[in-house]
1. Within segment 152-196, count every residue that is part of a loop (DSSP other than H, G, I, E, B) and either without any contact (Cβ under 8 Å) to a residue 12 or more places away in the chain or away from the ligand (no atom under 13 Å from the Cβ) (or both).
2. Could you check segment 362-373 and list, in sequence order, the residues that are assigned to a strand (DSSP E or B) and either within 11 Å of the ligand (Cβ to nearest atom) or buried (at least 24 other Cβ atoms within 10 Å of the Cβ) (or both)?
3. For segment 504-536, how many residues are assigned to a loop (DSSP other than H, G, I, E, B) and touching a strand residue (DSSP E or B) at 6+ places or on another chain (Cβ under 7 Å)?
4. Answer yes or no as to whether residue 280 is surrounded by 17 or more Cβ atoms within 10 Å (Cβ to Cβ), at pLDDT 95 or above, closer than 30 Å to residue 12 by Cβ and touching a helix residue (DSSP H, G or I) at 6+ places or on another chain (Cβ under 8 Å).
5. Of the conditions (1) at pLDDT below 95; (2) under 30 Å from residue 122 (Cα atoms), residue 149 fails just one. Which one is it?
6. Answer yes if at least one residue in segment 101-119 is closer than 18 Å to residue 375 by Cβ and more than 15 Å from the ligand (Cβ to nearest atom), and no otherwise.
7. I'm trying to understand the selection: among the residues of segment 333-347, which are in contact with a strand residue (DSSP E or B) (Cβ under 7 Å, 6 or more places away or on another chain) and surrounded by fewer than 23 Cβ atoms within 10 Å (Cβ to Cβ)?
8. Given the criteria within 16 Å of the ligand (Cβ to nearest atom), in contact with a strand residue (DSSP E or B) (Cβ under 8 Å, 6 or more places away or on another chain), more than 23 Å from residue 18 (Cβ to Cβ) and in a strand (DSSP E or B), does residue 359 qualify?
Ligand SMILES: Cc1cc2nc3c(=O)[nH]c(=O)nc-3n(C[C@H](O)[C@H](O)[C@H](O)COP(=O)(O)OP(=O)(O)OC[C@H]3O[C@@H](n4cnc5c(N)ncnc54)[C@H](O)[C@@H]3O)c2cc1C
């Protein structure tokens, strides 16, 4: 018989990307923190972020301009005070990262100059100024590695790696008075046992849910666990219909999640059908340089029309040395897979990239459940509206983590530690007898989400998807009630919940806006509102 394990901490932070690490490091100055990560500490979208983080550093640039650009990208659905709050707090959040040792690239200054070199700022689509701080093309890695080293060595942070949070424990679920979070049940993957974490406060920093789609640029952890857990605990969820699709992800059996930067198209690469003909000029006068959502929609249209598995990105008309110099990582990775991009076109598909919606929070990251916070891609703060402006997402992690830390600290002395929590009950479950059920349902879910709830939707496709989703939910719930947990089962249970939320949000929006396009409702409403779902 396994021992019952109960951990205890002032704050439980679930997730170790930019949001979770920033929150944990701020809180650890005054409180004890448990930091949980499902896989290795570094594995999350943060590590793979390439471009950088938006913040007004240039003297010619203004907060107003950053706000205006974000509002335009959000296509009428951003919450303006939230956008202002984020832009105004960006510089302080970046300064904190810099003080932590994150080395953003700087301009070159003449040798012997006494002047400190300013940060090198890049410009990305949708930004009217240069305002992206970056560390070459691996900004996320620099942020992740710097912060996680500090978290690992902090005396007030206990890192629990390879632990899946399963569900939140709340006063309501325990039939205790009030509506407050008490902790969480967590699955220790190495010991294969469920343990309990008791905490005064809990923060979800679990990232997005793009893994609900067959093709995604996200790492495997992006299964929407935090959104599903919050929903099951009574929190509202909003704007799940707005999932950003990146137009060009490598299509290859041995290379999941490999993104092909938009800079390839910026440097002249063409998109071609399988027969070699170009198609972007038929869709937009900017052709391959049209915005992300237009390019993704055009590729999706051509793939569905032709019944083809992918289209092709072709830069072979540029000199080989130019390609190798500008895109060394892509050249190397493709060559490893047998594709010489200087000589042949690259097979690509669009891929789910970013979850704009999520758990509803206020300006401090506080959710509907007392003591529960949601920070980063898991949250819906109102910043992104119907479409995310490039490089605003890491910024959101930093700004809201700092705000949440302040809010939690101001209440620490007032909130007692919850009394003892019941241990996880495994008496009714046995070892899984048919893993194939999980594998099959995984595949089915991601495929119908891709085909019916992907880049282009219709009322009929959404109805079909909902029917399948409800069926899968019943089957998975039954399986969950009878068998011991595993990573695949826990993720599948969350993904099917998130899929339902995406479909229901998409069905409620009777217009096309930003990242949501429904052929039965192609126009925009005059007074759009966020889609808010309330659990029963
Ligand atoms: C390829 C790529 C490039 C990108 N480029 C940029 C860019 O240039 N600029 C930008 O601003 N944004 C970019 N983004 C988006 C940005 O990286 C993410 O939005 C951001 O990193 C999310 O951070 P996070 O802390 O919320 O979540 P993540 O970094 O995804 O971390 C999630 C954490 O939660 C943990 N977790 C999840 N579920 C559980 C569970 N059940 N139990 C325990 N732990 C759990 C995971 O283990 C992980 O530690 C990019 C994204 C991708 C995929």
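1. Step one: of segment 152-196, the residues part of a loop (DSSP other than H, G, I, E, B) are 153-156, 162, 171-179, 189-192.
Cutting the leftovers down to either without any contact (Cβ under 8 Å) to a residue 12 or more places away in the chain or away from the ligand (no atom under 13 Å from the Cβ) (or both) gives us 153-156, 171-179, 190-192.
Count: 16.
2. Filtering segment 362-373 down to residues assigned to a strand (DSSP E or B) leaves 366, 370, 372-373.
372, 373 - these are the residues of segment 362-373 that are assigned to a strand (DSSP E or B) and either within 11 Å of the ligand (Cβ to nearest atom) or buried (at least 24 other Cβ atoms within 10 Å of the Cβ) (or both).
3. Within segment 504-536, the subset assigned to a loop (DSSP other than H, G, I, E, B) is 509-512, 514-515, 517, 519-531, 534-536.
Still in the running and touching a strand residue (DSSP E or B) at 6+ places or on another chain (Cβ under 7 Å): 509, 512, 515, 517, 524, 528, 530-531.
Qualifying residue count for the region: 8.
4. Values: surrounded by 17 or more Cβ atoms within 10 Å (Cβ to Cβ): yes; at pLDDT 95 or above: yes; closer than 30 Å to residue 12 by Cβ: no; touching a helix residue (DSSP H, G or I) at 6+ places or on another chain (Cβ under 8 Å): yes.
So residue 280 does not fit the description; no.
5. Only one criterion is unmet by residue 149, namely (1).
6. No.
7. Looking only at segment 333-347, we keep the residues that are in contact with a strand residue (DSSP E or B) (Cβ under 7 Å, 6 or more places away or on another chain), and these are 334, 339, 345-347.
Once the filter is applied, which keeps residues that are in contact with a strand residue (DSSP E or B) (Cβ under 7 Å, 6 or more places away or on another chain) and surrounded by fewer than 23 Cβ atoms within 10 Å (Cβ to Cβ), segment 333-347 yields 334, 339, 345, 347.
8. On the way: within 16 Å of the ligand (Cβ to nearest atom): yes; in contact with a strand residue (DSSP E or B) (Cβ under 8 Å, 6 or more places away or on another chain): yes; more than 23 Å from residue 18 (Cβ to Cβ): no; in a strand (DSSP E or B): yes.
So residue 359 fails the test.
The values are calculated or read from the model by the stated rules, or taken from the named source; none is laboratory data. In this text the structure is predicted, and so the values were computed from the model without any measurement. All Cβ positions, glycine included, derive from the backbone under ideal geometry; neighbour counts span all protein chains shown.
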